[in-house]
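Here is the structure we will look at, set down as structure tokens.
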Amino acid sequence: MSFFRRPFSQREAAPGEAHQDGQDGDADVVSDGSLQFVAEKGGNDSGITYQEASGAPVESTSPMGYHANSLFLIFLNVGKMIGTGVFSTPSTILTGTGSVGVAMIWWALGFFTSASSLSVYMEYLAYFPNRSGSEVVYLEQAYPRPRYLFATAFAFQSVVLSFGSANATVLAQYLFRISGRSPAAWEQKGVAIAAYTVATLLVALHTKFSFRFTIAIGIVKVLTLVFISITGWVVLSGRTSVANPHANFENAFEGKATPYGLTNSLVKIIFAYAGYENAFNVVNEVKVVPKAELKAAAQVSASLFFQKVFGSSNATRGLNFLIALSAFGNLITVLIGVSRMIRECGRQGVLLWPRFWASTRPFGTPLGPYLVQWGFTVVVLLAIPAGDAFNFVANLKTYPNAVFNVAMASGIYIIRFRRKRLGLPRPSYRAWDVSVIFAIMVHVYLLIMPWYPPDGGPFAGDVSFWYATYVVTGIGFLLACGTYYTVWIYVLPKLRKYQLRQTVVTYENGAQSHNIVQVPNAEVERWDATHDAVGREISLETHSHSSEKEVSGTKV
């Protein structure tokens with residue numbers, strides 16, 4: 001297809017001229033058939049970047065401020081990685097891999113998988129440094145056609161799967177471990193809901209305080225993990241009360257691994273490593289134990305480790321408290337990261353009520369996304385049996401994510417080809433091809449192998465119901481989204497004789513979003529003549545958008 005560059009305000013310009021500062025309302029546009037790549041500049045000093053016009057508009061000033069410094073970014077990632085997975089999945093992983101030796105290899109594989117995925121995120125960041133929301137933005141820009149397809153699909157699964165019930169459940173288990181008693185199912189659910197409610201209130205009421213709290217808990221998390229690591233080496237030295245400390249490493253590969261067990265273990269390991277990508281969600285806010293007992297330990301394996309080393313003492317309770325605090329910090333960091341992701345989904349215009357998602361009133365925080373996360377978390381905690389909640393939820397999020405991870409890693413090559421062909425600037429960071437290909441292969445594996453049944457039959461998985469329930473549920477989400485998209489984009493417009501167009505809406509505090517409107521077929525030509533590719537009225541382009549603008553057409 002042919003392409004050409006023209007200024008955003010329709011003025012005459014020399015071929016190839018690129019606007020540098022956005023003054024006078026002009027912005028450079030590179031067109032490639034139906035695709036139009038707009039040069040826009042955010043307020044985070046990232047410079048001018050190009051993005052396809054169907055993506056959510058770049059906010060020239062972040063309505064949530066610029067409180068995210070480098071220290072916060074580090075602990076936003078660390079806080080999510082050192083949360084619940086690293087303390088709560090070793091039991092399932094050891095059981096699935098069959099031996100300590102294979103478990104160690106699988107943990108190393110998880111590291112390389114995460115590192116390769118991180119390189120993909122970093123290259124996307126180099127292309128789009130003024131947009132928060134990570135995967136929302138990257139999928140939207142890698143696959144702008146069919147228009148809104150990937151935006152809708154990812155928004156749907158991001159909202160529906162935004163619950164934090166797994167982490168809240170583990171936090172509740174460690175809190176009861178501190179008290180020294182086993183809770184009833186409804187007691188555990190109640191404590192988990194209460195803890196998640198406190199975490200939600202903390203992040204929803206004040207952004208700056210929640211950022212500082214994240215840093216403080218992050219420091220405690222790192223110190224706790226360092227202490228656990230040192231304790232492990234001390235145990236291996238034989239200077240503790242643990243009898244035969246090397247027993248786990250004698251015949252390290254003794255045991256049987258099954259295809260189902262290996263796949264399920266890799267899913268849990270990827271869940272445990274999750275967090276390395278969390279900082280990409282807030283970039284627009286940046287100014288620049290014994291085997292037998294371990295297998296039976298469920299989600300409190302770290303507590304069992306403390307008990308074996310220190311005995312049933314106050315020291316064990318104190319260390320359990322540190323892990324509970326770590327789990328609470330994980331709730332905070334996940335809430336912050338996912339809220340920005342959901343907000344970006346809402347700013348794309350593919351969800352109903354864009355103001356609800358994009359607005360930061362009254363506390364300067366994304367209150368709408370926080371309320372949605374809290375609501376879904378409470379529903380899942382009440383609906384799923386307590387014993388199955390952690391494993392099922394950890395698995396459920398992984399399968400749809402694998403679909404989007406394959407698409408996102410593959411999308412790197414699409415963006416490279418497209419930008420090179422259009423003569424757009426090269427990124428400041430480029431991932432190694434071997435790293436990108438490795439990420440694609442691992443996630444393709446995670447799409448295929450979960451269908452392989454466990455040796456004991458279809459009900460012998462890590463939950464009390466059918467082993468592949470999470471796979472079918474994840475696919476069901478995607479199919480439901482595809483059905484919604486088809487009806488919204490194709491069926492209704494044809495039946496009611498209108499076409500969908502986007503317009504830019506500006507709210508208080510400078511928050512912006514797209515709003516998808518229905519333009520009658522008879523008015524489409526006039527609409528296209530009076531609006532630019534992003535959706536701004538051409539006649540108003542040189543004026544500031546300080547309030548919500550009235551637009552012609554009917555809101556979707």
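Annotations for the structure displayed:
- Some residue of the stretch 235-250 being in contact with a Gly (Cβ under 6 Å, 6 or more places away or on another chain) and more than 18 Å from Tyr370 (Cβ to Cβ): yes
- Sole exception among (1) open to solvent by less than 20 Å² (accessible area, probe 1.4 Å); (2) within 12 Å of Ile332 (Cβ to Cβ); (3) hydrophobic (A, V, I, L, M, F, W, C) for Val235, by number: (2)
- Within the stretch 128-149, the set of residues being within 23 Å of Asn44 (Cβ to Cβ) and either part of a helix (DSSP H, G or I) or touching a His at 6+ places or on another chain (Cβ under 6 Å) (or both) comprises Glu135, Val136, Val137, Tyr138, Leu139, Glu140, Gln141, Ala142.
- Tyr429 vs. criteria among the aromatic types (Phe, Trp, Tyr) and out of contact with any Ser or Thr (no Cβ under 7 Å at 6 or more places or on another chain): yes
- Residues of the stretch 27-54 that turn out to be open to solvent by less than 20 Å² (accessible area, probe 1.4 Å) and part of a loop (DSSP other than H, G, I, E, B), as a count: 6
- One residue stands out among those in the stretch 411-425 that are more than 26 Å from the chain's Cα centre (by Cα) and charged (D, E, K, R): the one that is most open to solvent (accessible area, probe 1.4 Å), which is Lys420.
- Condition check for Tyr507: over 30 Å from His443 (Cα atoms), in contact with a Ser or Thr (Cβ under 7 Å, 6 or more places away or on another chain) and open to solvent by less than 50 Å² (accessible area, probe 1.4 Å): yes
- Annotation for the stretch 350-369: no member residue is at pLDDT 90 or above and more than 28 Å from Gln51 (Cα to Cα).
- Some residue of the stretch 481-493 being assigned to a helix (DSSP H, G or I) and surrounded by 19 or more Cβ atoms within 10 Å (Cβ to Cβ): yes
- In the stretch 344-358, the qualifying residues are those that are open to solvent by less than 20 Å² (accessible area, probe 1.4 Å) and outside any helix (DSSP H, G or I), and the one that is farthest from Ser60 (Cα to Cα) is Val350.
- Residues in the stretch 461-480 that are open to solvent by 50 Å² or more (accessible area, probe 1.4 Å) and part of a loop (DSSP other than H, G, I, E, B): Ser464, Phe465, Trp466.
- Summed over the stretch 182-221, the residues that are open to solvent by 10 Å² or more (accessible area, probe 1.4 Å), of a type in the set (Gly, Ala, Ser) and within 17 Å of Ile82 (Cα to Cα) give a count of 1.
- Whether a residue is open to solvent by 40 Å² or more (accessible area, probe 1.4 Å) and either out of contact with any Cys (no Cβ under 6 Å at 6 or more places or on another chain) or in a helix (DSSP H, G or I) (or both) was assessed, and Leu94 does not pass this test.
- In the stretch 424-467, the residues that are at pLDDT below 90 and of a type in the set (Gly, Ala, Ser): Ser428, Gly456, Gly457, Ala460, Gly461, Ser464
- Looking only at the stretch 55-86, and only at residues there that are open to solvent by less than 10 Å² (accessible area, probe 1.4 Å) and in a helix (DSSP H, G or I), the one that is modelled with the lowest pLDDT: Gly85
The values are calculated or read from the model by the stated rules, or taken from the named source; none is laboratory data. This is a predicted model, so every value here is computed, not measured. Neighbour counts run over all protein chains shown; Cβ positions are idealised from the backbone, glycine included. Just the protein is used for accessible areas: all its heavy atoms, side chains included, with ligands, DNA and RNA removed. Shrake-Rupley method; radii C 1.70, N 1.55, O 1.52, S 1.80 Å.
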